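Here's the structure we're looking at; comments come further down.
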Amino acid sequence: MRSDVAVLGAGPGGYIGAIRAAQLGLKATVIEADRPGGVCLNWGCIPSKALLTGAELVENLRSHGETFGIGVSGLTLDYDKLITHSRKTADRLAKGVEGLLKKNAVTLVRGRGRFAGPGSIEVSGAEPQLVEATSVMVATGSREFVPPGIVVDGTRILTSREALESRVVPPRLIVIGAGAVGLEFAYVYAMYGAQVTVIEMAGQVLPGCDPDIAEAMQRELRRKKIDVKLGTRFEQSKVANGGVRVTVSKDGAAQELEAEQLLVAIGRRPNSEDLGLEKVGLAPDGRGFLAVDAQLRTAAPNVYAIGDVAQPPLLAHKASEEGVAAAETIAGIARPPIDHRKIPACIYAQPQVAWIGLTEAQAKAEYGDDLLVGKFPFTASGKAVAAAHTAGFVKILAEPRHREIVGAHIIGAGATELIAEIGLAMTLEATTSEIAATCHAHPTLSEAILEAALAAEGRALNF
Ligand SMILES: Cc1cc2nc3c(=O)[nH]c(=O)nc-3n(C[C@H](O)[C@H](O)[C@H](O)COP(=O)(O)OP(=O)(O)OC[C@H]3O[C@@H](n4cnc5c(N)ncnc54)[C@H](O)[C@@H]3O)c2cc1C
């Protein structure tokens with residue numbers, strides 16, 4: 001089979017890249033070893049958000065039911081049903097991707113692909129064949145990282161992949177890693193009744209995020225009785241007596257913890273092995289990523305890499321953006337490179353967290369002490385108080401010369417939706433004055449963005 005573009009992997013990077021290529025008049029073929037939709041639709045973003053919605057409902061009823069006159073004395077939790085809903089959601093969306101590929105005349109080839117040579121992909125498995133293409137987009141994604149010495153058995157020791165299918169809530173759960181995936185699962189399991197302990201080697205949760213946000217999140221997790229052990233190193237685990245014994249250490253002192261399950265959530269590794277990269281003169285870097293230039297070109301002619309396999313951040317919307325960008329470049333469209341500073345990061349546990357752009361420390365390093373910082377707490381938001389969701393705040397950072405927004409950090413209900421306003425503002429190079437001049441509906445959580453922008457200019461009205 002001959003195509004203009006062959007895409008290896010039908011995750012949110014690959015299937016979107018293939019569709020965009022087809023929209024631009026190119027004959028596109030996407031090769032997928034598993035199910036279209038990739039990790040995102042099948043084993044990541046979507047099924048986990050179904051679980052998180054359940055957890056949020058439980059928390060709302062338990063913590064706020066009384067406030068709203070809802071008696072919850074007979075509340076029963078059926079985690080098995082929640083998993084059924086989550087799997088059905090994933091199935092429905094994965095089927096939707098097949099429909100989208102068909103609608104856009106993208107050929108889907110089922111099987112595992114590897115380079116046989118430049119412009120040539122050998123597919124083995126369900127539909128073995130040779131796919132030849134002028135350009136190739138490598139979009140093979142990533143998988144869970146499991147450190148040596150840990151054996152994932154799906155019963156006692158799990159990664160997010162097994163957890164998404166596991167139909168039981170253990171009485172006690174230990175989570176290694178307080179990144180987005182670790183905290184989201186910690187929250188889900190805690191709300192469905194597990195006693196959860198999170199181990200994190202760094203000195204804060206969500207390593208790399210603005211410390212103000214991390215501190216607020218740590219407080220909220222403790223309030224939910226999730227035990228977070230910071231600066232604590234995982235040493236080893238042993239499955240014994242129907243449970244897991246985990247050794248951790250802090251400042252050189254070892255401690256033994258016990259639980260019925262251990263969830264390993266310490267990051268992901270790019271899928272860059274066994275792709276026949278040597279046939280096109282490519283090799284992954286030391287961490288397994290494929291190096292790309294600003295237009296997502298690898299060092300091999302006409303070979304592009306996008307999404308998790310290309311470079312961090314490992315996020316679905318970043319993968320899709322890169323799929324579009326690579327397709328447009330292949331089609332000969334001169335377009336600006338993706339600005340990776342403007343890619344939002346979101347965590348969907350409650351309270352939600354979202355950020356974009358620079359942290360306060362990064363912005364101070366770049367713009368000095370005159371950096372404008374505007375903060376507005378949700379305790380001062382009418383909508384948040386009415387909804388009984390007052391935890392958190394919005395923090396906006398603007399450079400001092402033009403007051404252009406260079407970063408924003410939100411923790412609180414609705415944070416993952418609110419960040420889109422800041423994303424648009426940053427795309428438009430908007431200033432705090434322009435956000436301040438935008439009439440925000442009352443009462444809405446988005447007024448917190450307006451107020452944070454006003455606060456950055458020293459003229460907050462409601463705080
Ligand atoms: C639990 C969890 C929750 C997450 N939540 C979020 C979230 O809320 N928001 C967010 O932005 N991101 C989230 N992510 C990350 C997100 O899922 C990934 O960043 C995203 O899926 C990456 O897209 P991709 O297209 O690069 O790769 P993937 O989605 O990994 O897709 C790659 C595809 O390539 C296929 N493939 C691999 N090798 C071959 C081969 N040789 N031949 C053919 N096919 C191949 C794979 O089968 C797979 O379908 C989450 C991840 C996890 C694990």
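The values are calculated or read from the model by the stated rules, or taken from the named source; none is laboratory data. Note that the coordinates shown come from a computational prediction; the quantities given were computed from them, not determined experimentally. Backbone-built Cβ (ideal geometry, glycine too); neighbour counts: all protein chains shown. Quick note on the areas: whole protein, heavy atoms, side chains included, nothing else; ligands and nucleic acids left out. Shrake-Rupley method; radii C 1.70, N 1.55, O 1.52, S 1.80 Å.
Can you pull out every residue in region 286-345 that is open to solvent by 40 Å² or more (accessible area, probe 1.4 Å), within 20 Å of Gly267 (Cβ to Cβ) and more than 9 Å from the ligand (Cβ to nearest atom)? Gly286, Arg287, Ala291, Gln311, Pro312, His340, listed by residue number. Report whether or not Val324 is of a type in the set (Val, Ile, Thr) and within 16 Å of the chain's Cα centre (by Cα). So Val324 fails the test. Of the residues examined, Lys88 is not one that is in a helix (DSSP H, G or I), within 22 Å of Gly323 (Cβ to Cβ), open to solvent by 70 Å² or more (accessible area, probe 1.4 Å) and among the basic types (Lys, Arg). Somewhere in region 206-217, is a residue more than 16 Å from the ligand (Cβ to nearest atom), charged (D, E, K, R) and more than 24 Å from Val353 (Cα to Cα)? Taking every residue of region 206-217 in turn, none turns out to be more than 16 Å from the ligand (Cβ to nearest atom), charged (D, E, K, R) and more than 24 Å from Val353 (Cα to Cα).
For region 155-192, filtering for residues that are open to solvent by 40 Å² or more (accessible area, probe 1.4 Å), assigned to a loop (DSSP other than H, G, I, E, B) and within 14 Å of the ligand (Cβ to nearest atom) leaves 1.
From the set of residues in region 262-285 that are under 30 Å from Val168 (Cβ atoms) and more than 9 Å from the ligand (Cβ to nearest atom), which is nearest to the chain's Cα centre (by Cα)? The extreme case among them is Gly267. Leu61 satisfies every condition listed in (1) open to solvent by 50 Å² or more (accessible area, probe 1.4 Å); (2) of a type in the set (A, V, I, L, M); (3) within 16 Å of the ligand (Cβ to nearest atom) except (3). Residues in region 19-38 that are within 11 Å of the ligand (Cβ to nearest atom) and touching a strand residue (DSSP E or B) at 6+ places or on another chain (Cβ under 7 Å) were compared, and the one that is most open to solvent (accessible area, probe 1.4 Å) is Ala33.
With a requirement of 1 or more residues that are open to solvent by 80 Å² or more (accessible area, probe 1.4 Å) and of a type in the set (S, T, N, Q), the strands (runs of 3 or more DSSP E) lying completely within region 202-254 that satisfy it span 233-240.
Please count how many residues of region 136-154 are over 19 Å from Ala33 (Cβ atoms) and open to solvent by less than 10 Å² (accessible area, probe 1.4 Å).
The total comes to 0.
Is it true that some residue in region 114-127 is of a type in the set (D, E, K, R), in a loop (DSSP other than H, G, I, E, B) and at pLDDT below 95? Yes.
Listed here are the residues, each with its yes/no results for (1) among the basic types (Lys, Arg); (2) without any contact (Cβ under 8 Å) to a residue 60 or more places away in the chain; (3) more than 29 Å from Tyr187 (Cβ to Cβ).
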site	(1), (2), (3)
Arg268	yes, no, no
Leu277	no, no, yes
Val280	no, no, yes
Val292	no, yes, yes
Gln295	no, yes, yes
Ile306	no, no, yes
Ala316	no, no, no
